[in-house]
1. Only one of 423, 408, 404 is touching a residue at least 40 places away in the same chain (Cβ under 8 Å) and in a helix (DSSP H, G or I); which?
2. With respect to the numbered conditions (1) at pLDDT below 95; (2) out of contact with any helix residue (DSSP H, G or I) (no Cβ under 8 Å at 6 or more places or on another chain); (3) over 13 Å from residue 465 (Cβ atoms), which one is the sole condition not fulfilled by residue 504?
3. Since residue 541 meets every condition but one in (1) touching a strand residue (DSSP E or B) at 6+ places or on another chain (Cβ under 7 Å); (2) within 20 Å of residue 453 (Cβ to Cβ), which condition does it not meet?
4. Out of 483, 489, I need the residue that is part of a loop (DSSP other than H, G, I, E, B) and crowded, with 22+ Cβ neighbours inside 10 Å. Which one?
5. So residue 420 fits all but one of (1) at pLDDT 90 or above; (2) closer than 23 Å to residue 498 by Cβ; what number is the exception?
6. Would the range 29-36 turn up any residue that is assigned to a helix (DSSP H, G or I) and closer than 15 Å to residue 16 by Cβ?
7. Against the conditions (1) out of contact with any strand residue (DSSP E or B) (no Cβ under 7 Å at 6 or more places or on another chain); (2) surrounded by fewer than 19 Cβ atoms within 10 Å (Cβ to Cβ); (3) modelled with pLDDT of 90 or more; (4) not in a loop (DSSP other than H, G, I, E, B), where does residue 329 fall short? Just the number, please.
8. In contact (Cβ under 8 Å) with a residue 40 or more places away in the chain, more than 17 Å from residue 282 (Cα to Cα) and out of contact with any helix residue (DSSP H, G or I) (no Cβ under 7 Å at 6 or more places or on another chain): does that describe residue 180?
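The values are calculated or read from the model by the stated rules, or taken from the named source; none is laboratory data. Keep in mind it's a predicted model, so treat the numbers as computed, not measured. Reconstructed Cβ throughout: ideal geometry from the backbone, glycine too, with neighbour counts over all protein chains shown.
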């Protein structure tokens with residue numbers, strides 16, 4: 001179906017619009033779509049009339065499979081129109097129904113029909129306005145909803161910003177806490193390591209030398225240790241005024257042209273010796289009086305307060321280490337003097353040369369129970385003895401002295417080495433039930449080329465003959481002296497030839513923790529066998545030193561060392 005109208009005036013346009021609306025209504029086009037079609041057509045026809053000429057309106061109803069019925073509206077210019085050659089205007093709407101009987105077949109002329117069409121158009125317009133009102137209300141609702149949403153989004157953004165700030169602040173606080181914890185851990189680790197280094201030595205000069213190595217350059221640029229009892233050596237060296245104040249008051253002092261702000265530290269004017277550099281002067285405290293003052297300059301502009309607290313604590317520990325080292329050195333000197341006083345001079349015997357060495361342990365108070373002795377009996381025999389009282393310290397030294405005195409007293413009555421050791425065993429068992437000792441006794445007689453010896457829990461003597469052969473005299477010894485056991489210690493004999501050398505010693509010479517005692521005895525025998533007889537005849541003292549060197553050079557001495565060499569002359 002196709003219908004066409006010629007339009008040249010406003011009346012033609014109005015009638016064509018009415019006809020189009022009626023035809024769309026006849027085909028069941030919904031009012032809203034119908035109104036849109038009529039409004040769009042009216043707007044375009046108005047433009048056409050403005051341009052002038054005659055225009056053609058064509059309405060065509062088509063049916064296409066799958067698309068349904070469509071009402072096509074086409075406006076084209078006639079040949080005499082001013083817009084001739086302008087492209088046509090087209091639109092199409094869907095028609096849900098077939099044409100009804102009252103569908104408009106042409107342009108209405110009856111005024112009643114026109115009025116009805118006008119009212120119908122108003123109804124459509126009212127419906128459109130109603131729809132528009134609904135849409136406006138819906139838009140208003142959504143606008144309000146959008147406004148509320150925007151307000152919520154703004155509030156959410158504000159909360160997120162606040163949460164972000166709080167999170168950043170938390171992260172910053174965490175980083176700060178982690179940094180402070182790491183710095184605290186670093187300081188504690190340094191303090192522990194430095195304390196271990198300072199307390200590892202019992203030499204106070206060594207401790208003083210180690211302090212600058214520990215502190216420079218991380219915690220100080222320079223370190224000066226002022227010890228009061230060394231002031232005679234340093235009398236020409238001036239000290240900062242702050243160091244003098246620290247020595248007098250016992251409180252740390254900070255000398256600079258600005259306040260230090262260091263906890264527990266008093267501020268002083270800058271030092272006249274170094275006015276451009278801050279100085280931290282910390283006294284070295286002890287239970288009695290300060291030992292001296294430690295003066296530091298900062299590695300940078302100034303110290304961190306926590307570093308200053310750590311330095312004060314380290315100085316306190318260094319002072320304790322220095323004080324303990326000095327006490328130890330004092331006691332060690334007393335002990336060593338006592339030890340030397342307890343060791344007797346060796347007697348001069350025709351035909352028999354003696355050489356003795358005593359070396360204290362490299363650790364501890366350098367005093368122990370190792371001892372040697374040599375003396376004559378009334379019959380002219382020479383008794384040579386080496387012993388070892390268990391333990392270290394003054395108690396062991398005192399017991400060693402008592403044993404030596406008791407042995408000399410028993411030897412006045414004569415008696416063989418075995419008999420003397422048996423009496424010493426009974427003496428020690430009754431005098432000190434919880435103290436034990438080992439000993440070896442050798443007896444030389446000027447008129448008898450026989451050596452008599454006895455041992456009680458002691459390393460065996462080593463005998464070198466003039467031809468260089470070495471024998472370990474390991475005949476069955478007795479048990480340790482003082483153990484709760486009744487025993488009779490046996491004598492053993494061996495013939496001596498001129499040029500023979502007997503070595504008596506304590507276990508400190510041959511025993512090593514990692515290897516035991518037997519390899520050490522073998523090393524001693526090999527070293528003694530390496531000497532020439534003429535060398536032993538000429539210089540037994542030097543031979544004793546040369547014998548000790550290879551045996552002791554491989555390790556520190558954990559125990560005292562005692563050696564007694566007895567050389568029978570006349571090999572030539």
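1. When all the criteria are applied, what remains is 404.
2. (1)
3. All conditions pass for residue 541, except number (2).
4. Of 483, 489, the one residue that is part of a loop (DSSP other than H, G, I, E, B) and crowded, with 22+ Cβ neighbours inside 10 Å is 489.
5. (2)
6. Yes, the range 29-36 contains a residue that is assigned to a helix (DSSP H, G or I) and closer than 15 Å to residue 16 by Cβ.
7. Residue 329 satisfies all of (1) out of contact with any strand residue (DSSP E or B) (no Cβ under 7 Å at 6 or more places or on another chain); (2) surrounded by fewer than 19 Cβ atoms within 10 Å (Cβ to Cβ); (3) modelled with pLDDT of 90 or more; (4) not in a loop (DSSP other than H, G, I, E, B) except (3).
8. The answer is no for residue 180.
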